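Single-structure report; data block below.
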Amino acid sequence: MSDIEKDYFEEITYRDALRLAMHDEMNENKNVIIMGEDVAKYGGAYGATKGLLDIFGENRVIDTPISEPSIIGASVGAAMTGLKPIAELMYVDFFGMSLDQIANQAAKIRYMFGGQTSVPMVLRAQGGTGRSGGAQHSQSLESWIMHIPGLYLVMPSKPCDAYHLLRKSIQLDDPVVFLEHKMLYNSKGSLDKKNIDAEFGKASIRLEGNDITIISYSRMVNIAEEAAIELKKSNINAEVIDLRSLNPLDKENIIKSVKKNKRALVVSEGHYTSSVASEITSIIFEHCFGDLLKPVIRYTAEDTPVPVAPNLEKESIPSMENIVNFSKKLME
Amino acid sequence: MNTFLEDFYKTMKRIRTFEERVSELFIKGETAGSMLHLSIGEELGPTCISKAMNDNDTFTTHHRGHGIFLARGGDPNKMMAEIAGKKDGYCKGKGGSMHIADMSVGHLGANAIVGGGIPTVVGAGMSYKYFSKPSISVAFFGDGALQQGILYESMNMAALWDLPVVFCCINNQYGMGTKIDKAVAVKDFTGRAKSFGLNACSVNTLDVEEAYYKIKPIIDDARSGKPGFIEIECYRFYGHARMDKSPYRDIDEEKLYRERDPIKFAKKKLIDKNILSKDNIDKLDNEISNEMDEAISFAINASLNDTNEIFKDVYSNKNPESIKTRIKKIIGN
Ligand SMILES: Cc1ncc(C[n+]2csc(CCOP(=O)(O)OP(=O)(O)O)c2C)c(N)n1
Ligand SMILES: [Mg+2]
């Protein structure tokens with residue numbers, strides 16, 4: 001990383017923003033460590049920790065055996081005893097085998113023990129479709145995490161938010177699940193280290209509009225923005241809300257925007273049933289029932305495992321074209 | 001001593017040629033993605049173990065399982081089509097390289113979760129015991145899975161219940177970029193298995209015949225209810241997945257180990273022992289090459305799935321409704 005000292009980047013990749021965030025936190029706090037499979041020598045399956053071993057050494061950037069439950073469980077113990085671990089799971093799909101340590105240990109320890117101790121750790125992982133990884137390497141499992149009290153859940157879509165929210169996650173005194181999307185690592189945006197707009201529980205209005213509110217997070221925000229630009233051609237002004245964190249969730253801005261526009265579309269790459277999208281939809285119904293001109297629509301991935309065949313994979317998640325179509329329909 | 005060397009050579013050569021063609025298919029842009037894990041250099045283990053197994057035996061594989069599947073009777077055309085994500089593939093293109101399966105030859109499934117397919121063979125062993133079937137079930141996995149707790153839970157159950165099960169570790173020295181030395185403090189894996197009450201052996205040879213005679217008793221014992229563990233030491237000749245160039249490995253190490261080639265070894269032995277002439281081997285190689293070329297054409301020409309296929313096979317007796325249909329029911333067409 002040659003630009004380590006810079007405070008402003010006109011253009012930086014999502015991947016480099018993450019690396020920089022971990023670098024800067026590790027610089028400022030000697031107790032921050034990174035552990036996970038191939039995070040050190042290899043630099044992370046998606047390159048997010050590349051170069052950090054050379055800078056911080058193998059005491060702080062630690063390659064582990066392929067033992068996910070223990071990577072997370074050991075992070076819990078380290079966090080309870082003074083370290084600030086950033087654990088990396090190569091794929092979010094490995095939540096499957098790790099869920100006890102995430103849900104029964106990390107999430108509940110502060111509460112069960114009456115507030116005596118904290119678990120200040122970050123669990124980074126990446127999910128989503130786009131690489132034909134199939135049913136066990138392409139999932140969007142944020143609803144599993146959002147369902148569990150005790151876990152912060154962060155899913156930024158832009159490099160600047162990835163940077164600032166990862167730093168804040170590392171600083172927080174609670175366990176944070178920080179989810180990236182495999183198709184975002186090469187995406188680019190600006191980064192101003194000094195201008196901190198991102199906060200937990202504060203959504204970002206990516207595009208303002210007075211006709212319809214489109215609520216999304218992670219990679220789908222970018223698709224929603226494309227759709228909003230397309231909708232302009234038909235004189236429909238969509239407001240695009242990027243939630244950035246799902247716990248805490250910025251209900252206030254969701255409700256404000258929907259009350260203004262009276263029409264809402266929730267877009268997510270997770271499944272339809274029992275999902276983040278269904279949670280947001282029900283919040284809107286609870287708070288904006290009298291304002292709505294049309295039912296709130298949740299546009300999500302299919303309620304099926306993710307198929308490998310590229311044509312099926314693509315068809316199984318929300319498309320820009322359909323966001324446009326559904327928005328137009330809601331405007332009728 | 002009965003010699004299977006010609007057979008063994010053919011199996012190993014077919015595996016290698018198939019994997020080379022997978023690589024070609026990728027370069028042509030015809031594979032479904034790049035999560036393709038080639039077993040070039042690792043052909044010996046699947047070849048000798050497969051030979052020791054019977055027709056009604058079953059197995060699971062890890063993500064680097066093309067070779068095992070081929071050795072057990074996989075059809076290269078349907079395998080290649082699956083890798084291309086096509087309708088005519090083994091799993092209709094929905095599973096791909098990492099989740100390929102064929103119940104008709106006892107392939108209970110490849111797995112993209114390291115260690116994910118290991119307990120499956122414990123359950124298969126329970127079935128065979130329950131139904132008094134003479135079958136065994138073999139789990140193939142990499143050295144990375146030696147560090148998954150689930151392996152030891154499975155070994156314990158297999159030993160506790162005297163199951164006809166074999167755990168087979170293809171130890172290619174690396175789990176992605178991490179060398180085995182960085183993953184374990186002690187490399188005595190047979191010792192681990194023995195401590196659970198399993199038969200165990202480790203094979204470190206280029207001679208597939210020698211390997212066969214070493215592992216055969218473990219497989220035979222499993223059939224009579226004494227579970228076993230086999231470690232096959234080998235080397236992953238190329239990158240972890242198709243895009244990986246192994247920058248974390250020492251070039252000299254790679255060179256050295258690529259010389260230690262079980263196929264070259266078998267070829268030389270075939271010639272030295274006058275089992276096959278060089279010409280005959282060339283002819284055989286040619287046939288194999290043609291067979292695998294055909295697999296590529298088959299995969300490229302195979303048809304894509306209709307998008308309706310997304311909704312099939314989620315359940316035995318119903319298909320989920322598409323999200324678009326659900327939305328249209330709310331807001332109209
Ligand atoms: C549970 C789980 N953890 C991590 C991964 C990511 N991953 C895929 S293959 C691999 C290396 C596996 O090494 P090994 O078991 O030795 O098999 P090899 O690739 O060497 O054949 C890793 C870490 C995974 N697929 N599943
Ligand atoms: Mg390995």
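Coordinate-derived values only; no laboratory data. Keep in mind that this is a model prediction, so the values were computed, not measured. When we count neighbours, we look across all protein chains shown, and the Cβ atoms used for this are built from the backbone with ideal geometry, even at glycine.
Relative to the longest principal Cα axis of chain A, at what angle does helix A:68-80 sit, 0 to 90 degrees, rounded to 10?
Result, in degrees: 70.
If the cut-off is 17 Å between C-alpha atoms, which lysines fall inside it for B:Lys129, apart from same-chain ones fewer than 8 positions away?
Straight-line reach from B:Lys129, under 17 Å: B:Lys226.
Tell me, what ³J(HN,Hα) does each residue in region A:12-27 have, in order and in whole Hz, if you take phi through Karplus 6.51 cos²θ - 1.76 cosθ + 1.60 with θ = phi - 60° and put x for Gly and Pro?
Here the 3J(HN,Hα) series is 9, 7, 4, 4, 5, 5, 5, 4, 5, 4, 5, 4, 5, 5, 5, 5 Hz.
How far apart, in nanometres, would the label points at A:Lys294 and B:Lys133 be if each is projected 7 angstrom from Cα along the Cα-to-Cβ direction?
A separation of 5.4 nm, rounded to one decimal place.
Along Cα→Cβ, 7 Å out, is where each label goes; now give me the distance between the ones at A:Asn322 and B:Ser303 in nm to one decimal.
2.3 nm
Measuring from the lowest to the highest alpha carbon on each principal axis, how far does chain A reach, largest first, in angstroms?
Result, largest extent first: 60, 45, 41 Å.
What is the distance in Å between the Cα centres of region A:263-290 and region B:113-169?
Region A:263-290 and region B:113-169 have Cα centres spaced 43 Å from each other.
Taking +1 at the Cβ of each Lys and Arg and -1 at the Cβ of each Asp and Glu, which of A:Gly44, A:His181, A:Ser70 sits farthest along the dipole of region A:11-192 towards its positive end, judged by Cα position relative to the Cα centre?
A:His181
Can you tell me the convex hull volume per residue for region A:204-331, based on C-alpha atoms, in Å³ to the nearest whole number?
Once divided by residue count, the hull of region A:204-331 is 98 Å³.
Show that you can apply the helix-only estimate: for chain A, add -39,500 (n - 2.57) for every DSSP H stretch of four or more residues, divide by all residues, and state [θ] at 222 nm to the nearest 500. Before the final figure, lay out the partial values.
Working: 12 runs with 116 residues, N = 332.
Counting only the DSSP helices, I get -10000 deg cm²/dmol.
State the extension gain, in nm to one decimal, for the chain segment bounded by A:Ser190 and A:Ser274, taking 0.36 nm per residue of separation less the distance between their alpha-carbons. The partial results should precede the final answer.
Details: separation 84, 0.36 × 84 = 30.24 nm, distance 3.48 nm.
Going from the current span to full extension adds 26.8 nm.
Quick check on chain B: helices-only [θ] at 222 nm, where DSSP H runs of length 4 and up contribute -39,500 (n - 2.57) each and the sum goes over total residues. Nearest 500, please.
Details: 12 runs with 147 residues, N = 333.
Result for chain B: -14000 deg cm²/dmol, rounded to the nearest 500.
Students often get this wrong: which residues of region A:61-86 have the backbone nitrogen under 18 Å from the point 7 angstrom along Cα-to-C-beta of B:Lys182?
What the label zone holds, given the 18 Å backbone N cut-off, is A:61-68, A:71, A:86.
Pop out the Kirkwood hydrodynamic radius of the protein assembly as shown from its pairwise C-alpha distances, inverse of mean 1/r, in Å to one decimal. It would help to have the intermediate numbers written out before the result.
Numbers: mean 1/r = 0.0376 Å⁻¹.
Mean inverse Cα-Cα distance, inverted, gives 26.6 Å.
So if I place +1 on the C-beta of Lys and Arg and -1 on the C-beta of Asp and Glu, and nothing else carries charge, what would the dipole magnitude of the protein assembly as shown be about its Cα centre? I want it in debye, nearest 20.
On the way: 81 positive and 90 negative charges, 193 e Å.
Dipole magnitude for the protein assembly as shown comes out near 920 debye.
Can you compute the FRET efficiency between B:Asn156 and A:Met112 using 1/(1 + (r/R0)^6), with r the Cβ-Cβ distance and R0 = 22 Å? Round to the nearest 0.05. Intermediate results must be reported in sequence, preceding the final value.
Details: r = 30 Å, r/R0 = 1.35.
According to the calculation, E is roughly 0.15.
So what's the gap between the Cα centers of region A:177-192 and region B:1-67, to the nearest angstrom?
That distance is 37 Å.
Would you mind getting me the FRET efficiency between B:Asp250 and B:Val105? Use the beta-carbon distance for r and R0 = 51 Å, nearest 0.05. Walk me through the numbers before you get to the answer.
On the way: r = 38 Å, r/R0 = 0.75.
So, using R0 = 51 Å, E works out to roughly 0.85.
Check which residues have an amide H placed less than 5 Å from B:Ala200's amide H, if you skip close sequence neighbours.
B:Phe229
Provide the net charge surrounding A:Thr49, with neighbours chosen by a C-beta distance below 13 Å and charges set as Lys +1, Arg +1, Asp -1, Glu -1.
With Lys, Arg at +1 and Asp, Glu at -1, the neighbours total -3.
Which one of B:Tyr130, B:Tyr212, B:Phe167 has its Cα pushed farthest toward the positive end of the charge dipole of region B:5-302, where Lys and Arg give +1 and Asp and Glu give -1 at the Cβ?
Final value for the positive-end residue is B:Tyr130.
Output the Kirkwood hydrodynamic radius of region A:11-192, Cα pairs only, in Å rounded to one decimal.
Working: mean 1/r = 0.0622 Å⁻¹.
16.1 Å is the Kirkwood radius here.
If you stretched the chain out fully between B:Asp55 and B:Glu20, how much longer would it get, using 0.36 nm times the residue separation minus the C-alpha to C-alpha distance?
Numbers: separation 35, 0.36 × 35 = 12.60 nm, distance 2.73 nm.
Full extension from B:Asp55 to B:Glu20 adds 9.9 nm.
Long-range amide H contacts for A:Val177: which residues qualify at under 5 Å (H placed 1.01 Å from N, peptide plane, sequence gap of 5 or more or a different chain)?
A:Leu123, A:Tyr152, A:Leu153, A:Val154
Report the semi-axes of the equivalent ellipsoid for region A:261-311 in whole Å, largest first, where each axis is √(5λ) for an eigenvalue λ of the Cα gyration tensor.
Values: eigenvalues 142, 23, 8 Å².
One finds semi-axes of 27, 11, 6 Å for region A:261-311.
So how tilted is helix A:159-171 from the main axis of chain A? Cα-based, degrees 0 to 90, rounded to 10.
50 degrees
Which whole-number percent is the relative contact order of chain A (Cα, under 8 Å, 6+ apart)? Mind showing how you got there, number by number?
Values: 720 pairs, mean separation 54.2, N = 332.
Relative contact order here is 16 percent.
How big is the shadow of the Cα convex hull of chain B, averaged over all directions, in nm²?
Details: hull surface 80.1 nm².
Its Cα hull, projected and averaged over all orientations, spans 20.0 nm².
Using a basic spin-label model with each label point 7 Å from the Cα along Cα→Cβ, how many nm lie between B:Asp293 and B:Asp7?
So the two model labels end up 2.9 nm from each other.
Work out the length of the dipole vector of region A:204-331 about its Cα centre, built from +1 on the beta-carbon of each Lys and Arg and -1 on the beta-carbon of each Asp and Glu, and round it to the nearest 20 debye. Before the final figure, lay out each step's value.
Numbers: 16 positive and 18 negative charges, 94 e Å.
In total the dipole reaches around 440 debye.
Using modelled amide H (1.01 Å from N, peptide plane; none on Pro or chain starts), what sits under 5 Å from the amide H of A:Ile215, excluding residues fewer than 5 places away?
Close amide H contacts, sequence-distant or interchain: A:Ile241, A:Leu265, A:Val266, A:Val267.
Please work out the C-alpha center-to-center distance from region B:175-217 to region A:232-254 and express it in whole Å.
55 Å
Among A:Val240, A:Met220, A:Asn311, whose Cα lies farthest out toward the positive end of the dipole of region A:204-331, if unit charges sit on the beta carbon of Lys, Arg (+1) and Asp, Glu (-1)?
A:Val240
Take the Cα radius of gyration of region B:240-333 and divide it by 2.2 N^0.38 Å, with N its residue count; two decimals is plenty.
Details: Rg = 25.5 Å, N = 94, 2.2 N^0.38 = 12.4 Å.
For region B:240-333, the normalised Cα radius of gyration comes out at 2.06.
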